[in-house]
Amino acid sequence: MKKQCVLVAGGAGYIGSHTTVELIAAGYDVVIADNLSNSEMRAVEGVRKITGIEVPFVQVDCCDREAFRKVFEQYDFDSAIHFAASKAVGESVEKPMLYYRNNLTSLMNLIDLMHEFGRHNIVFSSSCTVYGEPDKQPVTEQTPRKPATSPYGNTKQMSEDILRDSMKAFAGMKGIALRYFNPIGAHPSALIGELPRGVPQNLVPYVTQTAAGIRECLSVFGDDYPTPDGSCIRDYIDVTDLAKAHVAAIGRMVDGKSKSEYEVFNIGTGRGVSVLELVKGFERVNGVKLNYRIAPRRAGDIIAIWADPTLANTELGWKAERPLDETLASAWKWQQSLK
Ligand code: UFG
């Protein structure tokens, strides 16, 4: 039987590269489309080293519809995953138009072209940011979405709506939005991982760069929140586990198991971990001492959020498996490989 092919838009990025590896491991062919605006060819090279497969790579801006169209003319994929978006919350406040233009145009082009070329299945990278500050923990897919607090968050909500409405309109097409919690860690081989540009905004890259001596001191943003140790709580999900959720989502659509044309799943572990717990866990697992201090709260941070992943567990047959300690060790191993 001919192998199914999957287009991975944004496949040179952090989650895209890990997902490409897991798709190949599951027997899919993959085509990567990426404009390398926030990613590097070394990720594609890392995928080749891990899998032994030279994945076709097209450098293209998915916002450029005519250029993107050529990928559809050239490759015969029936499924696509959309990672081709900008993701820095703070930057989105400074440059809202960039975020609306990039994130929405690339998705709309993908949906339109999939429809035009008679291709069927789309997975979209959504985020737990759509829940805002939830009234109840853990959050389920039924937890109401709250008004977004950043243009980035707004693009995630709007993109979900665009996918939902278009899948309803385009008979035969199916979409799944995966609401990621906080992806961290790197591939066990340390051949691919997160490559933040400039000063990292996210916790784990800042932690690893501090441990490596690139940053002097980690600021823990707030220890006076109404949580057990006063720091914020998140659901940290290993990036390889997250990647496997995409494989499960594609498989569900390919196998005709979707219960409706548009579905949403939380992708998290179900376990809330505080910033201080994560920092101490990192020190313990890796045998390093982190220079950190308690700093004022960061504007816009939510206090606590973690997933109820039951729906993904039962419907997708997917479960987060990698223990947090292993994930924190992989993040450190990756950082050290960057020297
Ligand atoms: N934090 C620090 N110090 C740092 C960086 C982060 O204490 O230097 C804290 C934050 O205050 C927060 C936690 O670590 O409490 C996690 O922060 P991240 O920036 O790593 O992640 P966020 O939860 O703020 O944001 C992430 C993604 C977004 C996504 C959001 C959804 O980066 O893309 O989750 O809630 F929208």
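The values are calculated or read from the model by the stated rules, or taken from the named source; none is laboratory data. Not measured: the values here are computed from a predicted model. A quick note on method: Cβ atoms are made from the backbone with ideal geometry, for glycine too, and the neighbour counts reach across all protein chains shown. What goes into the accessible areas is simple: the full protein's heavy atoms, side chains included, and nothing from ligands, DNA or RNA. Shrake-Rupley method; radii C 1.70, N 1.55, O 1.52, S 1.80 Å.
So the values come out like this:
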item	result
The lone exception for residue 133 - which of (1) open to solvent by 50 Å² or more (accessible area, probe 1.4 Å); (2) away from the ligand (no atom under 16 Å from the Cβ) it fails	(2)
Subset of the stretch 206-252 [free of Cβ contacts under 8 Å to residues at least 60 places away in the same chain and either more than 15 Å from residue 185 (Cα to Cα) or more than 8 Å from the ligand (Cβ to nearest atom) (or both)]	213, 214, 215, 228, 229, 230, 231
Flag if residue 84 is closer than 25 Å to residue 338 by Cα, assigned to a helix (DSSP H, G or I) and touching an Asp or Glu at 6+ places or on another chain (Cβ under 9 Å)	no
In the stretch 136-158, the residues that are over 28 Å from residue 98 (Cα atoms) and crowded, with 20+ Cβ neighbours inside 10 Å	138, 139, 143
The stretch 52-81, subset more than 20 Å from residue 37 (Cα to Cα) and assigned to a loop (DSSP other than H, G, I, E, B), residue nearest to the ligand (Cβ to nearest atom)	77
Every residue from the stretch 303-338 that is closer than 16 Å to residue 178 by Cβ, touching a residue at least 12 places away in the same chain (Cβ under 8 Å) and part of a helix (DSSP H, G or I)	310, 311, 312, 315, 316
Failed criterion for residue 92 (all others in (1) open to solvent by 30 Å² or more (accessible area, probe 1.4 Å); (2) more than 15 Å from residue 10 (Cβ to Cβ); (3) within 16 Å of the ligand (Cβ to nearest atom) hold)	(1)
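Matching residues to (1) in a helix (DSSP H, G or I); (2) surrounded by fewer than 21 Cβ atoms within 10 Å (Cβ to Cβ); (3) modelled with pLDDT of 95 or more:
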position: 246; (1), (2), (3): yes, no, yes
position: 249; (1), (2), (3): yes, no, yes
position: 252; (1), (2), (3): yes, no, yes
position: 256; (1), (2), (3): no, yes, yes
position: 260; (1), (2), (3): no, yes, yes
position: 266; (1), (2), (3): no, no, yes
position: 269; (1), (2), (3): no, no, yes
position: 276; (1), (2), (3): yes, yes, yes
position: 283; (1), (2), (3): yes, yes, yes
